[in-house]
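The values are calculated or read from the model by the stated rules, or taken from the named source; none is laboratory data. The structure presented is a predicted model; accordingly, all values stated were derived computationally and were not measured. Note: ideal-geometry Cβ built from the backbone for every residue, glycine included; neighbour counts use all protein chains shown. Heads up: the accessible areas ignore ligands, DNA and RNA and are worked out on the full protein's heavy atoms, side chains in. Shrake-Rupley method; radii C 1.70, N 1.55, O 1.52, S 1.80 Å.
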Amino acid sequence: MRTAYSVETVRAAERELMERLPEGALMQRAAAGLAAACADLLGRVYARRVVLLVGSGDNGGDALYAGARLARRGAGVTAVLLAPGRTHPGGLAALLRAGGTSAAPGAAEPLLRRADLVVDGIVGIGGKGGLRPEAARLAELAHASRAAVVAVDLPSGVEADTGEVLGAAVRADLTVTFGTHKPGLLIDPARGYAGSVRLVDIGLDLPDPADVEALQHADVAARLPFPGTESDKYRRGVVGIAAGSARYPGAAVLAVAGALRGGAGAVRYVGPAADAVVARFPEALVSAAGPSKAGRVQAWVTGPGAGDDASAVAEVLAADVPVLVDADGLRLADRGAVRARTAPTLMTPHAGEAAALLGVAREAVEEARLASVRELAGLYGATVLLKGATTLVAGPTGGAVRVNATGTAWLATAGSGDVLSGLAGSLLASGLSALDAGSVAAYLHGLAGRFAADGAPAGAHDVAEALPEAWRDILDRPRLDRPRPDRPRLDRPRLD
């Protein structure tokens, strides 16, 4: 599990560690890791031109000490000092002793033009509100140069705790972060400024739970439902799909496609697109009656392509099983009915739908995704999956927010969200919690999108067809013909 912590938590852990270490030891650990990452990026250090952009905080000190290490290996290192009177004195002295030089911001342009590497040590994790004009100009010059840009701990100008970018900020090719990830390194839009991220362990003792966490392959593999030797279609879970309309029958087909690939034993479909569903998936169980008369299910999915059919959404919300609400269902669902539910509810809006539910502009959600998903989860008393380049999943009572970045821009295609809804609904029916079902589905869906696209356009049906490949990739084996001994079995009680 990749975890990220707030600035306050990181600083408390740093203070506790510094009390147990010799003075300056923690900064030396960070500088050593930073210098090693810079050397790896350069390939050959000797005779390379390195420019340090140095502010007044400890990030500037980290950059200066790392620059001293590179200078001792033969690099030509120049520190551009944005606050000469407040530059870290020990770091600057170390750089000058190693043969480095310093310069004023006014002399930076030709230095940056010739640089092989630029190290961003302007501001640290406490920076707020974007860069000031002089620093912003240096950030633009660095971005326009041919040099690789390495950010110290976090790209200067982005918000560490939220992932917001409220002004000018450094765009890095690599961010070397210390002790733990910061939320801004995992959450858009700041994630797009960080480039690749390299974590340097400096010995911090961090609490549980984290503020943000991201599942990795092993975490997803441990949560995937896997049939046991005595499993049947009912023990594996049955998911109901109440979706589609005469105008949007494809939404129903795609939601069923995602559900059939999600590990449940059976899929019941209710709605006006039954003929289209059975024509594509004869294994689906269809019903002409409403959701309450369709037969027993262990989870419902409602909303994709529903148009204005509020009755089906209300009927599903009244069911005492986990429910996923997506697309039109988000607009049609009564907030009070959602809050009154005792079984888990998973809502899956994109930014525009979340904005409508919160009564704000779409841009407000896109600029503050972490705050938005938390607010929406609290408002509805539900788990909320906020779709996007990085998908966020927040529970109704707080705790760590899950973030997922396995997707690809090719997933921005009609029907892709319907596949995700069916997939997540199937995982709910298999017994996963709403938080796990949403985050595991997002991970699988993003991975399937990569496999389906493979660098070229792909449709939503291609994503659904690629889900088994994603599943196999997570399990790291070519076939799913036998259970692993260490895999938890998620058999459900047999339905009557």
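Brief remarks on what is shown
- Some residue of the stretch 302-324 being within 27 Å of Gly395 (Cα to Cα), touching a strand residue (DSSP E or B) at 6+ places or on another chain (Cβ under 6 Å), among the aliphatic types (A, V, I, L, M) and part of a strand (DSSP E or B): yes
- Residue match in the stretch 391-398 (condition: crowded, with 24+ Cβ neighbours inside 10 Å, over 16 Å from the mean Cα position of the chain (by Cα) and in contact (Cβ under 8 Å) with a residue 12 or more places away in the chain): no
- In the stretch 367-400, the residues that are assigned to a helix (DSSP H, G or I), at pLDDT 95 or above and of a type outside the set (Phe, Trp, Tyr): Arg369, Leu370, Ala371, Ser372, Val373, Arg374, Glu375, Leu376, Ala377, Gly378, Leu379
- Enumerated strands (runs of 3 or more DSSP E) restricted to the stretch 128-205, each holding at least 1 residues that are aromatic (Phe, Trp, Tyr) and either more than 22 Å from the chain's Cα centre (by Cα) or under 20 Å from Gly61 (Cβ atoms) (or both): 174-178
- Any chance Arg261 is within 23 Å of Leu444 (Cα to Cα), open to solvent by 20 Å² or more (accessible area, probe 1.4 Å) and at pLDDT 95 or above: no
- Residue within the stretch 69-90 that is surrounded by 23 or more Cβ atoms within 10 Å (Cβ to Cβ) and either modelled with pLDDT under 95 or acidic (Asp, Glu) (or both) present: no
- The requirement of being among the charged types (D, E, K, R), open to solvent by 20 Å² or more (accessible area, probe 1.4 Å), closer than 19 Å to Val463 by Cβ and assigned to a helix (DSSP H, G or I) is fulfilled somewhere in the stretch 275-288, by at least one residue.
- If you check Gly431, Gly449 for being surrounded by fewer than 24 Cβ atoms within 10 Å (Cβ to Cβ), over 21 Å from Ala210 (Cα atoms) and touching an Asp or Glu at 6+ places or on another chain (Cβ under 9 Å), only one passes: Gly431.
- Looking across Val360, Val403, one residue alone is modelled with pLDDT of 95 or more and in contact with a strand residue (DSSP E or B) (Cβ under 9 Å, 6 or more places away or on another chain). It is Val403.
- Residue match in the stretch 108-124 (condition: open to solvent by less than 40 Å² (accessible area, probe 1.4 Å), touching a Cys at 6+ places or on another chain (Cβ under 7 Å) and not in a loop (DSSP other than H, G, I, E, B)): yes
- When restricted to residues that are within 13 Å of His461 (Cα to Cα) and in a loop (DSSP other than H, G, I, E, B), the stretch 243-274 contains 1.
- Unique match (being assigned to a helix (DSSP H, G or I) and free of Cβ contacts under 8 Å to residues at least 12 places away in the same chain) among Arg29, Arg15, Arg44: Arg15
- Of all residues in the stretch 443-451, none are of a type in the set (Gly, Ala, Ser) and within 17 Å of Ala264 (Cα to Cα).
- Restricting the stretch 406-428 to residues that are in contact with a helix residue (DSSP H, G or I) (Cβ under 7 Å, 6 or more places away or on another chain), of a type in the set (Gly, Ala, Ser) and closer than 14 Å to Ala389 by Cβ, the residue that is least open to solvent (accessible area, probe 1.4 Å) is Ser416.
- In the condition set (1) at pLDDT below 95; (2) surrounded by fewer than 20 Cβ atoms within 10 Å (Cβ to Cβ), Ser196 is compliant with all but (1).
- Filter pass, Gly240 being closer than 15 Å to Val297 by Cβ and assigned to a loop (DSSP other than H, G, I, E, B): no
- From the options Ala94, Ala63, Ala68, residue that is within 18 Å of Leu26 (Cβ to Cβ), in contact (Cβ under 8 Å) with a residue 40 or more places away in the chain and in a helix (DSSP H, G or I): Ala63
- From the list Ala36, Ala47, the lone residue that is within 30 Å of the chain's Cα centre (by Cα), over 21 Å from His143 (Cα atoms) and either aromatic (Phe, Trp, Tyr) or open to solvent by 10 Å² or more (accessible area, probe 1.4 Å) (or both) is Ala36.
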